[in-house]
Structures are given as C-alpha cells and as structure tokens.
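Peer 1: First the structure, then my questions, so here it is.
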Amino acid sequence: VINISQRLDATFAALADPTRRAILARLTAGDASVLELAKPFGISQPAISKHLKVLERAGLISESRDAQRRPRRLEPKPLAEATGWLEDFRQFWEASFQRLDVLLDEEKAKRKKIAHGKKGDRR
Amino acid sequence: MTNPGTLKVATPTDCEIVLTREFDAPRQMVFDALTKPELLKRWFAPHGWSLAVCEVDLKVGGRFHFVIQRPGGGRTGMRGVWSEIAPPERLVHTESFDDFPGESQITTEFAEQNGRTTLTIRSLSPAKEVRDAILRAGTDGMAECYDKLAGILAASARPSAQG
C-alpha cells in the first residue's frame, strides 16, 4: 500500500515537466490516443510514450479499453489530492465559521434586546 | 454582518494542524457555540452538510459524538472524550473518526481582546497518515473537487504548453 505522501511525491514529480502538464491539460478536453497527443507538441511518438509512462505510474492517467486506439484518459484523483485537499479543508472550515459569524451576531442582538428590555429589572 | 476574520490553516509539523480564526464576539459566546449542541447544529458543516448526530457531555471524562451527513448521502462519524474543560479559555479532547484508525488530541484556546475572540484549534495526531486523513475527511467525496480540477489544470498548464 502506497501512502499519501509517496503518492504526492509521484504526482509532483510527474507534474514537474511542462510537456506532461500540457498532456494533462489536453486530456481535460477528452481522451486522446498517443498519436493525437504527439501531434501538437511536435515531438516523436516514443518521446510522448515516455512521458505517458511517467504519468501512468503516478496514477494521473490510464489507458482506456478501446483496443485499437488505446486512448489515454485523465485520472483526476491524485491531482485533486495534490491541489485540492488542504484548500478544500480550509474552505470547509471557513464556510462553517462564516455561519458561526452569523450565529454570533444573532446571539449578540438577542442579548442586547434582553438587556434593553430588562433595564432596571435585573434577573 | 460584522467583518469576519479569515481562517488560517497551518501544518507546522507532519502530525499537526493549527486553525486560527478571529470572531467579533466575547469568548464565552464562542466557547458556547463550540460546545452546546443546539448552537453547534446551527453553524457546523456548510453547503448542505449537516450534523445528523450531535451529542456533547461536557465534563472531564465525558464523551461527544458527531455524525456529519453529506449532501450525497454519505456519513462521517467522529467521537472523543473531554480531558480538560476551562470555560471560557481552553478545551482539550481526543478525537477519532469512525472511518479510519488513530486518535488525535485537540486543544482549543479562546483569547479575548476588546470584545473580539481569537480561536486557535490545534490538532496533534499520532502519525502523518492520521493527520492527512483528518485534512481529507471534510472534503472526501466532494464532487466540487473534481469539477474544479479541469479548471485548475487548464490554467496551470496553458502557458507551458505554448512555450
């Protein structure tokens, strides 16, 4: 079992290369075969295959079942882990705390009302 | 609405998470909002998430049990035991999730100045894996995660694709 920090290392190593990032960006638009991926970059098919292997090992892409074209597909999970989880954690709590701000304002208003209404009538 | 302080999240070591946030209210009110179920239910867990179970027995050795209901139908259970209760300054409790092993220690401090409260929640886990699981517990299964991905990727990859 690979733990999360090893997985993150593999993710960041794979993302360190501009061609590989461009390949991933292309795959966000849809699956693509090796040939289709090689074309816009003007590099050889073996060179692209090498990059694809690195991305595949990092779990960032997978090979679709279509036996003829063998298109590559983006696997979003490792990237979501790398880019998203700390920020998502912060946003989850910040959204909760913004609701707490509202609650505290309401409670303060309630107290003010009680203090006002009970002037000279301390409980 | 009063100006809300922005939440800071720090991970000073592999096993820690520190949350710091300022509130425009005296600390006794913030303390109550974090320990009274009827108040907790009103703010904890945003965006259609909710606290399906919220039980708090606020005494040293007493337990709490929360079940967070996700909009998609999943549930996350968490529970713990209070080991220190010093209202309105400080709380210490253990915390573990039903979905994964490992018990963390949570220290919550409330500092008040000019009617405003700085809340600091420090979580200390027994291992990095436990700490990371906590970081992901709030977000696991969030579909937005995946929706955002394409945008993030396209934005970060575009300049180098042309270079």
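The values are calculated or read from the model by the stated rules, or taken from the named source; none is laboratory data. Keep in mind that what you see is a predicted model, and the values were worked out from it rather than measured. Heads up, the Cβs are rebuilt from the backbone with ideal geometry, glycines too, and the neighbour counts pull from every protein chain shown. Side chains included, ligands, DNA and RNA excluded: accessible areas come from the protein's heavy atoms. Shrake-Rupley method; radii C 1.70, N 1.55, O 1.52, S 1.80 Å.
Peer 1: How much accessible area is lost when chains A and B come together, counting both sides, with a 1.4 Å probe, in Å² rounded to the nearest 100?
Peer 2: Working: alone 9510 and 10090 Å², together 15350 Å².
Protein heavy atoms only, the A-B interface buries about 4200 Å².
Peer 1: Say each of B:V67 and A:E63 gets a label point 7 Å from the Cα, pointing the same way as Cα to Cβ; how far apart are those two points in nm?
Peer 2: 4.5 nm
Peer 1: Exceeding 23 Å between C-alpha atoms, which entries from my cross-link table qualify? They are A:K77/B:K128; A:K108/B:K59; A:K113/B:K8; A:K108/B:K41. All intermediate terms of the calculation are to be shown ahead of the outcome.
Peer 2: Working: A:K77/B:K128 20 Å; A:K108/B:K59 26 Å; A:K113/B:K8 33 Å; A:K108/B:K41 18 Å.
Violating the 23 Å Cα-Cα cut-off are A:K108/B:K59; A:K113/B:K8.
Peer 1: At a Förster distance of 41 Å, what's the computed FRET efficiency of A:H116 paired with B:T94, Cβ-Cβ distance as r, to 0.05? Walk me through the intermediate numbers first.
Peer 2: Values: r = 42 Å, r/R0 = 1.03.
My answer for the efficiency is 0.45.
Peer 1: Which of the trypsin sites (Lys or Arg not before Pro) found in the stretch B:1-99 are in a DSSP loop and have at most 12 neighbouring Cβ atoms, other than their own, within 10 Å?
Peer 2: Details: sites: B:K8, B:R21, B:R27, B:K41, B:R42, B:K59, B:R63, B:R75, B:R79, B:R90; in loops: B:K59.
In loop regions of the stretch B:1-99 (DSSP not H, G, I, E or B), the sparsely surrounded trypsin sites (Lys or Arg not before Pro) are B:K59.
Peer 1: So, in nm, how far is label B:E16 from label A:A16 when the simple model puts each one 7 Å beyond its Cα toward the Cβ?
Peer 2: 2.9 nm
Peer 1: List, in order, the whole-Hz ³J(HN,Hα) value for each residue of the stretch A:106-111 obtained from phi through the Karplus relation with A = 6.51, B = -1.76, C = 1.60 and θ = phi - 60°; use x for Gly and Pro.
Peer 2: 5, 5, 5, 4, 4, 4
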